[in-house]
Amino acid sequence: MSHNSFGQLFRVTTWGESHGPAIGCVIDGTPPLLDLAEGDIQPWLDRRRPGTSRFVTQRQETDQVRILSGTYEGKTTGTPISLLIENVDQRSKDYGDIAEKFRPGHADYAYQAKYGIRDPRGGGRASARETACRVAAGAVARKVLGSLPGDGIVIRGALRQIGEHAVSDANWDWDAVGGNSFNCPDAKMARVWEDYLDEIRKAGSSIGAVVEVHASGVPAGWGAPVYGKLDTDLAAGMMSINAVKGVEIGAGFAAASLRGEDAADEMLPGNDGPTFSANHNGGILGGISSGQDIVLRFVVKPTSSILIPRRSVDKSGAATEVQTKGRHDPCVGIRAVPVGEAMMACVLADHMLRHRAQTGA
């Protein structure tokens, strides 16, 4: 299978399937002499790990990461970094009933149509299990970004919306994100989501969500015109996450209702470059970072594997009915927050190295 790699100078290749013996990634392009140990990666994986609450899949994976190459005495050597995460709680028998059927809304049919074969166990390569590799790579990317002088770059994400229940800007509190099971920036909304998602889960259904990711401290000048735009690569990175169906940067689709004088972020003189009256452009102008916070959102569709029977077809093309058993997230958006952060880190690390290669800065 092709297209398992992303990035140009900071390049990540992921491998493995949901129910294989292990998953992992190879990261090429990391500068030498950066401090890196398994303990730098594990906390980020723990945030994405399944089985941490009743609102996520109950698959019990420890997601313990091992560094197989690319470091010596706790420092990167500049050679490829290989990371391994073993799968320890596969239940492939849960998928026996659908081995010959296509789950509606899932990648089953598309994979079969393209390759003539698919791994039905947990979705194989199409499973969100693959995103653990991205989070591990994102931890390495944060180390690359941390090598910048000054206060560095801070990347943080939160769950903006589940179903029809959204957090308002007025109630947004970054300090609340780590205090609930949803990565929610509004403690009161988190309690609403508890009751709401309990109903969804008990009904055997699922629901979609919106994730928001910010990056502060990004210098002005990263990105390139036309085909190397920073927002192009960010959008592609987020769209590559399982179940993501839309990405917006800054005001996004809401910009359609703005007038020109409202959408233009006015600029004023400042001590360290211009200051801006607003950030409707999400920290990116003409594909190049402006020095403002980079702000993006992406929407995650409802998990396709649900207990409610749905009409479909089997491999022979005959009509059938599918009821997906097993352990699945009722809202995959909850665990998508650290994945979105990781993809932001990987794209920014790649653009940092590309900017340095072209300008020397």
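The values are calculated or read from the model by the stated rules, or taken from the named source; none is laboratory data. A quick note: this is a predicted structure, and the numbers were derived from the prediction, not measured. Note that we place each Cβ from the backbone using ideal geometry, even for glycine, and neighbour counts take in every protein chain shown. Heavy atoms of the whole protein, side chains included, go into the accessibility calculation; ligands, DNA and RNA do not. Shrake-Rupley method; radii C 1.70, N 1.55, O 1.52, S 1.80 Å.
Pairing each residue of the stretch 253-265 that is over 13 Å from Phe276 (Cα atoms) with any residue that is of a type in the set (Gly, Ala, Ser) and surrounded by 12 or more Cβ atoms within 10 Å (Cβ to Cβ), provided the two are 6+ apart or on different chains, yields C-beta distances under 7 Å for Ala255/Ala263; Leu258/Ala251. Taken together, the residues in the stretch 143-152 that are in a loop (DSSP other than H, G, I, E, B) and crowded, with 21+ Cβ neighbours inside 10 Å amount to 0.
For the stretch 170-205, filtered to residues that are surrounded by 17 or more Cβ atoms within 10 Å (Cβ to Cβ) and in a loop (DSSP other than H, G, I, E, B), the residue that is farthest from the chain's Cα centre (by Cα) is Asp186. Every listed requirement among (1) touching a Leu at 6+ places or on another chain (Cβ under 9 Å); (2) open to solvent by less than 10 Å² (accessible area, probe 1.4 Å) is met by Gly223 save one, (2). Residue count for the stretch 112-153 satisfying the condition of being closer than 30 Å to Gly291 by Cβ and more than 16 Å from the chain's Cα centre (by Cα): 11. Within the stretch 287-300, at least one residue is modelled with pLDDT of 95 or more, more than 16 Å from Ile249 (Cβ to Cβ) and in contact with a strand residue (DSSP E or B) (Cβ under 9 Å, 6 or more places away or on another chain).
The single condition among (1) modelled with pLDDT of 95 or more; (2) more than 28 Å from Arg125 (Cβ to Cβ); (3) open to solvent by 60 Å² or more (accessible area, probe 1.4 Å) that Met239 does not satisfy is (2). In this structure, Gly208 qualifies as over 23 Å from Gly287 (Cα atoms), within 21 Å of the chain's Cα centre (by Cα), surrounded by fewer than 23 Cβ atoms within 10 Å (Cβ to Cβ) and modelled with pLDDT of 95 or more.
If I filter the stretch 211-219 for residues that are over 30 Å from Gly270 (Cα atoms), assigned to a strand (DSSP E or B), in contact (Cβ under 8 Å) with a residue 60 or more places away in the chain and touching a helix residue (DSSP H, G or I) at 6+ places or on another chain (Cβ under 6 Å), do I get at least one hit?
Of the residues in the stretch 211-219, the ones over 30 Å from Gly270 (Cα atoms) are 211.
Retained after the next criterion (residues that are assigned to a strand (DSSP E or B)): 211.
Adding the requirement that they be in contact (Cβ under 8 Å) with a residue 60 or more places away in the chain leaves 211.
Checking the rest, the ones that are also touching a helix residue (DSSP H, G or I) at 6+ places or on another chain (Cβ under 6 Å) come to 211.
Within the stretch 211-219, one or more residues are over 30 Å from Gly270 (Cα atoms), assigned to a strand (DSSP E or B), in contact (Cβ under 8 Å) with a residue 60 or more places away in the chain and touching a helix residue (DSSP H, G or I) at 6+ places or on another chain (Cβ under 6 Å).
Counted as qualifying within the stretch 243-342 are the strands (runs of 3 or more DSSP E) with 1 or more residues that are of a type in the set (D, E, K, R) and surrounded by 19 or more Cβ atoms within 10 Å (Cβ to Cβ), namely 244-249, 294-300.
In the stretch 308-319, the residues that are of a type in the set (Val, Ile, Thr) form Cβ pairs under 7 Å with partners that are open to solvent by 60 Å² or more (accessible area, probe 1.4 Å) and at pLDDT 90 or above, at six or more places apart or across chains, as follows: Val313/Ala319. Pick out the one residue from Val88, Val56, Val135 that is modelled with pLDDT under 85, more than 15 Å from Ser18 (Cα to Cα) and among the aliphatic types (A, V, I, L, M). Matching residue, one of Val88, Val56, Val135: Val56.
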